[in-house]
1. Skipping prolines and chain starts, which residues have an amide H placed within reach, meaning under 5 Å, of the one on residue 31, given they are 5 or more residues away or on another chain?
2. List 124, 84 from most exposed to least, where exposure is judged by having the fewest other Cβ atoms within 10 Å.
3. Determine the sum of side-chain charges near residue 78: Lys and Arg each +1, Asp and Glu each -1, restricted to other residues whose C-beta is under 10 angstrom from that of residue 78.
4. Which of 35, 26 has the fewest other C-beta atoms within 10 Å, and how do the rest follow up to the most?
5. Can you work out the base-10 log of I(q)/I(0) for the stretch 45-103 at q = 0.15, 0.19 1/Å, using the Debye formula on its C-alpha atoms alone?
6. Got a sec? How would 73, 25 order by Cβ neighbour count within 10 Å, fewest to most?
7. Less than 19 Å from a label point 7 Å out along the Cα-to-Cβ axis of residue 29: which backbone N atoms in the stretch 95-112 qualify, by residue?
8. Tell me, what does the Kirkwood hydrodynamic radius of the stretch 21-133 come to in angstroms if you use every pair of distinct C-alpha atoms?
Amino acid sequence: MADEKTKGSGTATVDSPGENTVQLTFLPEGKTVEFERDKLPYKDHGKEQSILDVALNYGVRLDHACGGNCACTTCHVWVKEGAENLSEMDDDEADRLDMAADLQLNSRLGCQAVITKPGKVVVEIPSWNRNYVSEEH
Ligand code: FES
């Protein structure tokens, strides 16, 4: 009965994320980044506010061999949670993904999947991609 979070005193300061906050988690590293939607600077690769753009903003290694132009599959991720907070897949992305290794129903291209709503999103970077990107230049 007494588990309600708001207490009716008029000064409820429940520590919840802002209503425009996005929480994006990259697996298997388990790195979670939190930011205000549409407030990140564009990093010049892929669509603005895409998963790749967020990764570049926070130093998460997500390969992007074609520079985010929907012309390869190296930015392939699996969306584990929050697919409803992402842009819909267009035909170009779907066609490109058809060529991806380990294609799953929740596959997206990180450079094309744009965060369109606040909330939680969890993506996993496939292991073959992680091995590939571990080669530093
Ligand atoms: S970086 Fe090439 S398709 Fe996303």
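1. Under 5 Å from the amide H of residue 31: 26.
2. Taking fewest neighbouring Cβ atoms as first place, the list is 84, 124.
3. In short, 0.
4. In order of increasing Cβ crowding within 10 Å: 35, 26.
5. Log-scaled intensity ratios, in q order: -0.43, -0.72.
6. Values: 73 21, 25 18.
By the 10 Å Cβ count, ascending: 25, 73.
7. Counting only backbone N, you get 108-112.
8. Details: mean 1/r = 0.0739 Å⁻¹.
Kirkwood radius, the stretch 21-133: 13.5 Å.
We did not get these values from a lab; they are worked out from the coordinates using the rules stated. Just so we're clear, the structure is a prediction, and the values are computed from it rather than from any experiment. Please note: Cβ atoms are built from the backbone with ideal geometry, for glycine as well, and neighbour counts cover all protein chains shown.
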